[in-house]
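Rule-based calculations on the coordinates, nothing more; no lab input. Keep in mind it's a predicted model, so treat the numbers as computed, not measured. All Cβ positions, even for glycine, are placed from backbone atoms using ideal geometry, and neighbour counts span all protein chains on display.
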Amino acid sequence: MKLTEQLMGEHEIIKKVLDSLQDKIIQSRREMTVDTIFLRKIIHFSREFIDACHHAKEEKCLFTCLERKGIPREGGPIGVMLYEHEMGRSLVRKIHDTLARYERGEADVDEVLDRCEEYLELLRQHIYKEDNILFPMGDGVMDESDHEEAVRCAERVESPAHERLHKLAESLGGHK
């Protein structure tokens, strides 16, 4: 299996969690309350699975291979993806900080949910661009040995908590 295929599989997991987050945002706006436990789990999933596992494999393994194969970082699709990874990290910090302020009575429901919606929209667009533009572009320039090396790299980068994080994703994706 190619690394791009593995990453697209992880995108499917992430999209299910995002769907659950969207459902929770709708419910929270209707009830004018925030499920802080659920959002803390989303923050944990975002930091540990999306960033530490998934983005690490993209950044350390796939993107470096694509650069070697001639796809530019600066002014190209890799640079855009890296910028969006940073935007995602920043939004997760903002969600965390706003949630803490909400718990202290210093932020309202809309402030928390607005940050969540920004994150949700960023990730959905980001995944679309990777699945439909960057990954097919990468598959077009990578040969079999490149794919094999990228997969080996991803195995080295993979978090030991990967399977536990899959279970967290399942619990979040099934949460309504």
TODO: Return one number: the angle in degrees, 0 to 90 and rounded to the nearest 10, between the long axis of the Cα atoms of helix 144-157 and the longest principal axis of the Cα atoms of the chain.
DONE: 40 degrees
TODO: May I ask for the angle, rounded to the nearest 10°, between helix 3-31 and the longest principal axis of the chain, with both axes built from Cα atoms and the value confined to 0 to 90°?
DONE: 10 degrees
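Quote the charge dipole size of the chain about the Cα centre in Debye, to the nearest 20; the model charges only the Cβ of Lys and Arg (+1) and of Asp and Glu (-1). Each step should come with its number before you reach the end.
Working: 27 positive and 37 negative charges, 93 e Å.
Computed about the Cα centre, the dipole is about 440 debye.
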Task: Listed values [x] 10.0; [y] 24.8; [z] 57.7, entry calculated as mean projected area of the Cα convex hull in nm² - done: [x]
Task: When each of Lys2/Lys167; Lys2/Lys60; Lys57/Lys129; Lys2/Lys69; Lys41/Lys129 is checked by Cα-Cα distance, pairs over 21 Å - done: Lys2/Lys167; Lys41/Lys129
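Take the Cα pairs of the range 75-155, get the Kirkwood Rh, then feed it into Stokes-Einstein at 4 °C and 1.567 mPa s and tell me D in µm²/s.
Values: Rh = 14.9 Å.
Rounded, D is 87 µm²/s.
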Open item on the list: If you fit an axis through the alpha-carbon atoms of helix 77-103 and take the longest principal axis of the Cα set of the chain, what angle between them do you get, 0 to 90°, nearest 10?
Closed with: 20 degrees
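Run through the range 91-137 and list the trypsin sites (Lys or Arg not before Pro) located in a DSSP loop whose Cβ has at most 13 other Cβ atoms within 10 Å. List each step's numbers first, then the result.
On the way: sites: Arg93, Lys94, Arg101, Arg104, Arg115, Arg124, Lys129; in loops: Arg104.
The qualifying sites are Arg104.
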Open item on the list: Defining a contact as two alpha carbons under 8 Å apart and six or more residues distant in sequence, what relative contact order in percent does the chain show?
Closed with: 45 percent
